[in-house]
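Notes follow the structure.
The values are calculated or read from the model by the stated rules, or taken from the named source; none is laboratory data. Just so it is clear, the model here is predicted, and its values are computed rather than measured. Because the Cβ atoms are built from the backbone with ideal geometry, glycine has one as well, and the counts that use them run over all protein chains shown.
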Amino acid sequence: MQPATIKLFLVNGSPTGLRTAEISNWSGKAIASPRSLLDELLKRPELENPGVYMLSGIDAETGEPVIYIGEAEVVANRLRQHGRSDEKDYWTHTYVFVSKDENLTKSHIRYIEGKMIQKAHRSKRVTVMNNAASGSSLPEADRADMDVYMERMIQLLPVLGIHHFSAPAATVTQPRVAADSSTPEQPEKPIFTFAVKGIVANGAPSEEGFVVSKGSCAVKVLTNSCPPMVENSRSKMVEKGILVLEGESYRFLEDYEFSSPSAAGAMVAGRSTNGMTAWKTDDNRTLKDVIST
């Protein structure tokens, strides 16, 4: 992504309360708020315009993040309808994206909604409450403009608290080849291994937690003391095609980012795990040792 300057305004002074966000040289604007401040959010004049919105929260049964993505020509009206309904009991936070120059049309927001729903489904990092949407057909020039708009949305979302649209950081970084003898090569980032009960998993720290590499294995049988959250998460990962049972172990079919090294270790070992000491480099240094140096 391109470097950017983000202007974040805390309307009530709280970093988790009502806030607005803008990016330099971007026509869009984001407004975020906890659901508890919905009445205050609905008073914002920006919500009288067309826009795309997201309702996020946590599924009470699985502990998995949940998101609903919608669009409306008058965002405030649509959010009022959601607020009067009991259907979205998971909804705890609201995120709205509009245009500062008021140039977003119904076709534009339908296109963005469809693309963002597709991206959320493909990420496999969140339960999407929408079915896959085709969005709206746009002229080539408009599609290009909206794709740029979405790039900025995705760049801004983690700052506001939504991390489901950014791809996990690669677990392996190859050293750069020096352009000449005066240019030092970049060192290769260490890869960590966790071997337990005859299976092996590889991974590395990421900006948001820990990524277990494609091809890694996880034990088949969970221990009796394994946290229920691990079992629920494993079921979801199997449903999404991230884990597949092969003989006496599960195999990761793609890189997958966990919230922490311990969460990753628990999925691999089938029990509570201290990820800071379980993950080790080839020279037997723990993750804790590497981070501490």
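Considering only region 93-112, state which residues are within 28 Å of Ser235 (Cα to Cα) and either within 13 Å of the chain's Cα centre (by Cα) or crowded, with 22+ Cβ neighbours inside 10 Å (or both).
Hit for region 93-112 is Thr94, nothing else.
Quick one: Asp59 ticks every box in (1) more than 29 Å from Ser235 (Cβ to Cβ); (2) within 20 Å of the chain's Cα centre (by Cα); (3) surrounded by fewer than 17 Cβ atoms within 10 Å (Cβ to Cβ) bar one, so which box is it?
(1)
Quick one: which of Arg271, Arg251 is at pLDDT 95 or above, of a type in the set (Lys, Arg) and closer than 17 Å to Cys217 by Cβ? Full working, then the answer.
Values: Arg271 fails: at pLDDT 95 or above.
Being at pLDDT 95 or above, of a type in the set (Lys, Arg) and closer than 17 Å to Cys217 by Cβ holds for just one of Arg271, Arg251, which is Arg251.
What tally of residues in region 238-253 results from selecting those that are in contact with a helix residue (DSSP H, G or I) (Cβ under 8 Å, 6 or more places away or on another chain) and either closer than 19 Å to Thr127 by Cβ or assigned to a loop (DSSP other than H, G, I, E, B) (or both)?
Number satisfying all stated conditions: 1.
Which one is nearest to Lys106 (Cα to Cα), of the residues in region 39-66 that are among the aliphatic types (A, V, I, L, M) and modelled with pLDDT of 95 or more?
Out of the qualifying residues, it is Val52.
Anything in region 214-237 that is surrounded by 14 or more Cβ atoms within 10 Å (Cβ to Cβ), in a loop (DSSP other than H, G, I, E, B) and either modelled with pLDDT under 90 or in the same structural domain as Glu64 (by TED's automatic domain parsing) (or both)? List them, or say none.
Cys226, Pro227
Can you say whether Asn77 is over 30 Å from Glu239 (Cα atoms), outside any helix (DSSP H, G or I) and either at pLDDT below 95 or not acidic (Asp, Glu) (or both), as far as the supplied structure shows?
Details: over 30 Å from Glu239 (Cα atoms): yes; outside any helix (DSSP H, G or I): no; either at pLDDT below 95 or not acidic (Asp, Glu) (or both): yes.
No; evaluated as a whole, the condition is false for this residue.
Given the conditions (1) closer than 19 Å to Thr286 by Cα; (2) in contact (Cβ under 8 Å) with a residue 60 or more places away in the chain, and given that Phe258 satisfies all but one, which numbered condition is not satisfied?
(2)
Out of the residues in region 238-293 that are of a type in the set (Asp, Glu) and buried (at least 19 other Cβ atoms within 10 Å of the Cβ), which is nearest to Pro205 (Cα to Cα)?
Looking at the filtered set, the residue picked out is Glu257.
Taking the criterion of being at pLDDT below 55, closer than 30 Å to Gly247 by Cα and outside the structural domain of Ser56 (by TED's automatic domain parsing), would at least one residue in region 172-181 satisfy it? Show your work before the answer.
Residues of region 172-181 that are at pLDDT below 55, as a first pass: 172-181.
Filter once more, keeping what is closer than 30 Å to Gly247 by Cα: 172.
From the residues that got through so far, the ones that are outside the structural domain of Ser56 (by TED's automatic domain parsing) too are 172.
Checked against the condition, which is being at pLDDT below 55, closer than 30 Å to Gly247 by Cα and outside the structural domain of Ser56 (by TED's automatic domain parsing), region 172-181 yields at least one hit.
Could you name every one of the strands (runs of 3 or more DSSP E) located completely within region 1-53 that has at least 3 residues being closer than 15 Å to Leu157 by Cβ?
Output list reads 19-23, 28-34.
Over 20 Å from the mean Cα position of the chain (by Cα), surrounded by fewer than 17 Cβ atoms within 10 Å (Cβ to Cβ) and within 19 Å of Lys100 (Cα to Cα), is that true of Ser36?
When the stated conditions are applied, Ser36 does not pass them.
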